[in-house]
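A.B. asks: Just passing along the structure, written as structure tokens.
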Amino acid sequence: MTDRFSFALHATDGAARTGAISTPRGTIRTPAFMPVGTAATVKAMLPDSVAATGADILLGNTYHLMLRPGAERVARLGGLHSFMNWDRPILTDSGGFQVMSLADLRRLTEEGVTFRSHVDGSKHFLSPETSMEIQRLLGSDIVMAFDECPALPADEARVAESMRLSMRWAERSKAAFGDRPGHALFGIQQGGVTRELRQESAEALTRIGFDGYAVGGLAVGEGQEAMFGVLDYAPGMLPADRPRYLMGVGKPDDIVGAVKRGIDMMDCVLPSRSGRTGQAWTRRGQVNLRNARHADDPRPLDEACTCPACRGYSRAYLHHVVRAKEMIAGMLLTWHNLHYYQELMAGMRDAIAAGRFAAFEAEFHAARAAGDIEPV
Ligand SMILES: [Zn+2]
């Protein structure tokens, strides 16, 4: 265990990388997938169960936590780790993205964003300084710089203006974060799908200097092809000796494609959200447990999976509890989905270390192309 935040690269294979982030709260093996614990819980999962799936770190949402239960309250109660009973690393976002997507009556100025809570209509203000303070109160291990991100498609002038505002905010975030040994601050590259803007953003962030760098402003409606197009060059613009984080991604094939292009960390609500709507992600692709084809199927969801849903239950049972809207349906499918995502990450880490990422990727796509098992 260390009292510092650090990142070590262990192996590369093409642009793909594997390594480890060391923090006082534990090691994060990369490439890493971070389950999303929006409101101080990964929905339908106990923290021990999240850890059992193989997660080294989870993500908390500043916007949600500042509104309810409130960052000062969490701090009084000992910080987010203690509050939610998760003692491993936590990354918090800056709140900026969710203010843009969820809050009402936003007003954006150079200083920050004023908005009304989607929960109770109360008025709030977020800026680089207040976001750093809230993330400090939460006790986050990896803090994200406060930024602004336009939804794509947006015209280039709007993207450029927004990126430059985010770079000024990145500088203010760094100043407000200060010197906090053991905690990390990540800068966020913006610039939409324009290479020159991505370069300008990367240079601005590198000049300020961060512990890690996120590729922001993707997975906001541009589609996989455009996203991969940016990832073909954007990660390479960021310092190679720092972790690179792709925010809000994604589906399994997005994740494999992002790791192939040099991304080290990702987060997404998809495995947990899908689990609550009867959708499972497997080696063979997506399976809808609501479908009547599963009603008499005594086989597990995935015979090779070691998660509790696959070891203890049939497709018929999962179908039944999904249709009956029983709570255990969301619990079992969330567990399976998170387990599958973590197995995928472990498989990629091993493949990169062994120099066989291309073969891993080919096998990944072949298994999905073969599709789900035939109905009984
Ligand atoms: Zn399973």
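A.B. asks: Order 120-133, 266-279 from most to least packed using the mean count of other Cβ atoms within 10 Å. List each step's numbers first, then the result.
C.D. replies: On the way: 120-133: 17.1, 266-279: 20.7.
Packing order, densest peptide first, comes out as 266-279, 120-133.
A.B. asks: Using the Cα atoms of the chain to build a convex hull, what is its mean projected area in square nanometres? All intermediate terms of the calculation are to be shown ahead of the outcome.
C.D. replies: Numbers: hull surface 72.5 nm².
Computing the convex hull of the Cα atoms and averaging its projections yields 18.1 nm².
A.B. asks: With just the Cα atoms defining each centre, how far is region 70-125 from region 151-212? Give it in Å.
C.D. replies: So the separation of the two Cα centres works out to 20 Å.
A.B. asks: Additional query: Loop only by DSSP, 13 or fewer other Cβ within 10 Å of the Cβ. Give me the trypsin sites (Lys or Arg not before Pro) in region 319-376 that pass, ordered by residue number. Don't skip to the answer; put the middle values down first.
C.D. replies: Numbers: sites: Arg323, Lys325, Arg349, Arg356, Arg368; in loops: Lys325, Arg356.
Answer in residue order: Lys325.
A.B. asks: Right, something else. Sort by residue number and name the cysteines in the chain that have no neighbouring cysteine Cβ under 4.7 Å.
C.D. replies: By the Cβ distance rule, which asks for a partner under 4.7 Å, the isolated cysteines are Cys149, Cys268, Cys307.
A.B. asks: Moving on to the next point. Less than 16 Å apart at the alpha-carbon level, and either on another chain or at least 8 residues along: which aspartates and glutamates does that give for Lys174?
C.D. replies: Asp93, Glu111, Glu129, Glu133, Asp141, Asp147, Glu148, Glu203, Asp211
A.B. asks: Whose amide H sits under 5 Å from the amide H of Ala32, counting only residues 5 or more places off or on another chain, with H placed in the peptide plane?
C.D. replies: Met265, Met266
A.B. asks: Rg/Rh for region 211-293: what does it come to with C-alpha atoms and Rh from Kirkwood?
C.D. replies: 1.05
A.B. asks: How many angstrom separate the Cα center of region 307-376 from the Cα center of region 274-291?
C.D. replies: Their Cα centres are 9 Å away from one another.
A.B. asks: Where only protein heavy atoms count, and the probe is 1.4 Å, what is the accessible area per residue for region 275-370 in Å²? Numbers along the way, then the final one.
C.D. replies: Numbers: 4470 Å² over 96 residues.
Ligands and nucleic acids excluded, the result is 47 Å² per residue.
A.B. asks: Ignoring ligands, DNA and RNA, what accessible area per residue does region 6-267 give at 1.4 Å, in Å²?
C.D. replies: 38 Å²
A.B. asks: Ignoring ligands, DNA and RNA, what percent of the accessible area of region 275-370 is carbon or sulfur (1.4 Å)?
C.D. replies: Values: 2370 of 4470 Å².
Answer for region 275-370 is 53 percent, counting heavy atoms of protein chains only.
A.B. asks: Principal axis extents for region 1-102, Cα atoms only, whole Å, descending order, please.
C.D. replies: Here the spans come out as 43, 31, 28 Å, largest first.
A.B. asks: Counting helices only, and only those DSSP H runs with n ≥ 4, report the 222 nm mean residue ellipticity of the chain as the sum of -39,500 (n - 2.57) divided by its residues, in deg cm²/dmol to the nearest 500.
C.D. replies: On the way: 15 runs with 155 residues, N = 376.
My calculation for the chain gives -12000 deg cm²/dmol from helical runs alone.
A.B. asks: How large is ³J(HN,Hα) for each residue in region 72-86, as worked out from phi by the Karplus curve 6.51 cos²θ - 1.76 cosθ + 1.60 (θ = phi - 60°), to whole Hz, x for Gly and Pro?
C.D. replies: The phi angles translate into 4, 5, 4, 4, 4, 8, x, x, 5, 4, 5, 4, 9, 6, 10 Hz.
A.B. asks: Which trypsin sites (Lys or Arg not before Pro) in region 1-106 sit in a loop by DSSP (not H, G, I, E or B) and have at most 16 other Cβ atoms within 10 Å of their own Cβ? Don't skip to the end; give the middle numbers.
C.D. replies: Working: sites: Arg4, Arg17, Arg25, Arg29, Lys43, Arg73, Arg76, Arg106; in loops: Arg4, Arg25, Lys43.
For trypsin sites (Lys or Arg not before Pro) across region 1-106 that sit outside H, G, I, E and B with at most 16 neighbouring Cβ atoms in 10 Å, the list reads Arg4.
A.B. asks: Can I ask one more? Carbon and sulfur: what percent of region 6-267's accessible surface (1.4 Å probe)? Intermediate values should be presented prior to the final figure.
C.D. replies: Working: 4800 of 9870 Å².
It is 49 percent, rounded to a whole number.
A.B. asks: Still on this structure: Within straight cross-link reach of Lys251, meaning Cα distance under 24 Å, which lysines are found once same-chain residues fewer than 8 apart are removed?
C.D. replies: Cross-link targets: Lys43, Lys260.
A.B. asks: Pairs of alpha-carbon atoms within less than 8 angstrom and 6+ residues apart define the contacts here; what relative contact order does region 6-267 have, in percent?
C.D. replies: Reported as a whole number, the value is 18 percent.
The values are calculated or read from the model by the stated rules, or taken from the named source; none is laboratory data. Being a predicted model, the structure only gives us computed values, none of them experimental. Virtual Cβ from ideal backbone geometry, glycine too; neighbours counted across all protein chains shown. Only protein heavy atoms, including side chains, enter the accessible area calculation; ligands, DNA and RNA are left aside. Shrake-Rupley method; radii C 1.70, N 1.55, O 1.52, S 1.80 Å.
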